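Enquirer: For reference, the structure I am asking about is given below.
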Amino acid sequence: MDKLLNQVLLGDIREIYNQIPDQFVQSIITSPPYFGHRKYSDVDAYQNEIGREQTLDEYINNLVSCFKFIKPKLKDSGLLWLNLGDTYRNKELLGIPWRVAFALQDTGWILRSDIIWKKTNAMPSSVKNRPTTDHEYIFLFSKTANYYYDADSIREPHVTFTEKSKMKGGRNHFGKKNSTPENGKNAGNQNLHDGRWDQAFHPKGRNKRTVWEISLGKFRDVHFAVYPEKLVETCLLASTKANDFVLDPFTGSGTTGVVAKKHDRNFIGIELVKKYQVMAQKRIDETTFQETIFLTPV
Ligand SMILES: C[S@@+](CC[C@H](N)C(=O)[O-])C[C@H]1O[C@@H](n2cnc3c(N)ncnc32)[C@H](O)[C@@H]1O
């Protein structure tokens, strides 16, 4: 498998998918081109480029077929994280992310979650007759009901009961300063150890919610549509262990590969356009494992 390790394969997903063995990757984290947004290739590969279709139906059919070819490569215990944004045509919002999600469901993918990526630094917009869009979707799909998911690795800070809580009695749940709820006023209470413990007192924070506030990345000048490392990191930590393989079939500038390497995961990429394949490969080759990166301090 050395020839695949941390490599970005050049070509159309629908033509080169079989270079990857079946049941090989633990997680797919990807952001395909959006419908009608931009052109990635010049002349070389534009007929194969997703997003340049004339009609929405063609776009959805093409995306669904890409994921049909890729699906056998994912382990049965694996997850697919799919980032998609929407498009306006003739002043009308097309609702593309959900249309794609339903189409994937129709081909057997199990839709486990819709996540809103709220961009904290979205581009200013000139619209005056509707709210400015500052979010995209991330859909979480599984192949089977039994998949690997590490909820602890992506917990987020509690908001209700914390040491600083102003809520009546909130602080008392912790006993002394820097203590744990086990030492507080409800120590030993059975209730604390059921669902409530997780909800309110789990030492690593509460279970991750479905709205993720993440700013746009810094690497956007070289590739048009780079997604943030933090977004990838959240998906990656929840769905893989060290040394698992992660696939991004629409690699672009290689953000998924960079984050995978930083976290000691193995990466395989696919990219249609030569200049981006070269860019991504260079970025990934220059990345090293970083022992000290953490997601969100809780
Ligand atoms: C939105 S970009 C991905 C950006 C990436 N997430 C990043 O952070 O840089 C989508 C990429 O998919 C590539 N692409 C389009 N059609 C493809 C196809 N049929 N097979 C493989 N890659 C394709 C485009 O060239 C483009 O680089």
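Bear in mind these aren't lab numbers, they're just calculated from the coordinates by the rules spelled out. For clarity, every value in this text was computed on a predicted model and none was experimentally measured. So basically every Cβ, Gly included, is an ideal-geometry build from the backbone, and we count neighbours across all protein chains shown.
Enquirer: Which of PHE24, PHE250 comes first, and how do the rest follow, when ranked by fewest Cβ neighbours within 10 Å?
Expert: Listed from fewest to most nearby Cβ atoms, that is PHE24, PHE250.
Enquirer: With labels modelled as points extended 7 Å from the Cα through the Cβ direction, what inter-label distance (nm, one decimal) is found for GLU291 paired with SER125?
Expert: According to this spin-label approximation, the distance is 4.5 nm.
Enquirer: Report the far tail of the P(r) of the stretch 28-101, meaning the percent of Cα-Cα pairs longer than 21 Å. All intermediate terms of the calculation are to be shown ahead of the outcome.
Expert: Details: 808 of 2701 pairs.
Tail fraction, whole percent: 30.
Enquirer: Further question: At what distance in nm do the modelled label points of GLU213 and HIS37 sit from each other, each positioned 7 Å from its Cα along Cα→Cβ?
Expert: 2.3
Enquirer: Using a Förster distance of 22 angstrom, determine the FRET efficiency expected from the C-beta separation of ASP106 and ASP76, and round it to 0.05.
Expert: The formula returns an efficiency of 0.65 here.
Enquirer: Where the centre of each part is set by its Cα atoms, how far does the stretch 214-284 sit from the stretch 29-105, in angstrom?
Expert: What the calculation gives is 17 Å, centre to centre.
Enquirer: Using a 10 Å cut-off around each Cβ, can you sort ILE96, ILE60 from fewest to most neighbouring Cβ atoms?
Expert: Least to most surrounded, the residues fall as ILE60, ILE96.
Enquirer: Next question, about the same structure. Pull out the extension gain between LYS230 and ASP264, defined as 0.36 nm times the separation in residues minus the alpha carbon to alpha carbon distance; nm, one decimal. Intermediate values should be presented prior to the final figure.
Expert: Values: separation 34, 0.36 × 34 = 12.24 nm, distance 1.56 nm.
Working it through step by step, the gained length comes to 10.7 nm.
Enquirer: Return the sequence-ordered ³J(HN,Hα) values of the stretch 229-239 in whole Hz as given by the Karplus equation 6.51 cos²θ - 1.76 cosθ + 1.60 applied to θ = phi - 60°, using x for Gly and Pro.
Expert: 4, 4, 5, 5, 4, 4, 5, 4, 5, 6, 10
Enquirer: Take PHE139, PHE245 and order them by how many other Cβ atoms sit within 10 Å, fewest up front.
Expert: PHE139, PHE245
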